[in-house]
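What follows draws every value from the coordinates through simple rules; no lab data is involved. Quick caveat, the model's predicted, so the values are computed rather than measured. Positions of Cβ are generated from backbone atoms using ideal geometry, with glycine treated the same way; all protein chains shown enter the neighbour counts.
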């Protein structure tokens with residue numbers, strides 16, 4: 001698995017977008033709708049093939065009869081960095097090798113994008129969301145390599161959780177930008193931007 005992107009959630013998409021733009025000093029680009037879960041997003045490209053997503057429930061979409069992904073049904077409060085997402089070339093094999101219940105593969109699409117996403121039945125990722133969502137792109141070029149760079153580069157992502165060491169061992173992620181920290185659950189990303197070093201949490 002490798003790091004694919006980060007997700008900022010909000011009670012509304014406008015809240016999530018404003019949180020990103022205020023923190024990083026860059027404007028977010030277009031996104032789209034996810035019909036399966038009744039959500040919508042906007043994106044910005046980062047250096048190194050990563051990207052950042054602002055996501056929220058789409059008030060104009062038909063609500064699903066099942067739980068939404070990213071635990072958005074229960075999301076309240078200020079917009080914040082809520083999830084991190086990894087990708088793999090074989091989602092089922094990756095899930096088979098993970099000790100946690102990270103979900104089952106779900107077919108997803110948005111515009112010309114196609115991917116498989118591991119989504120728990122409850123929509124709640126393990127370890128309060130400290131555990132990453134895992135996906136497998138089914139397109140030749142993933143979004144992080146399509147999007148124009150915003151001039152922002154991820155310096156490091158701190159994933160804090162009381163069981164941070166076991167989380168790190170479970171994932172076996174070989175990425176020095178991702179740092180596992182013992183403590184209360186929190187996600188905090190530090191970026192080098194055109195305006196200097198900025199922190200998004």
Check your understanding: Picking from 47, 112, 73, which is most flexible by a Gaussian network model of the chain using Cα springs under 10 Å?
Key -> 112
Review point. Roughly how many Å is it from the Cα centre of region 30-109 to that of region 150-165, as a whole number?
Key: 18
Check your understanding: Of 157, 113, 24, which is the most mobile in a GNM of the chain whose springs link Cα atoms less than 10 angstrom apart?
Key -> 113
Practice item. Report Rg/Rh for region 1-61, rounded to two decimals, where Rg is the Cα radius of gyration and Rh the Kirkwood radius. Key: 0.98
Review point. Given a cut-off of under 8 Å on Cα pairs at least six residues apart, what relative contact order in percent is computed for the chain?
Key: 23
Point to revise | Radius of gyration and maximum dimension Dmax of the chain, Cα, Å | key: 15.6, 44
Study note, to complete from the structure: Most fluctuating of 55, 98, 124 in the GNM of the chain (C-alpha, under 10 Å) is 98
**Study point:** Cα gyration tensor category, rounded, prolate or oblate, for region 40-141 with a/c compared to 1.5
**Key:** rounded
Review point. Computed FRET efficiency, Cβ-Cβ of residue 2 and residue 30, R0 25 Å: what is it to the nearest 0.05?
Key: 0.50
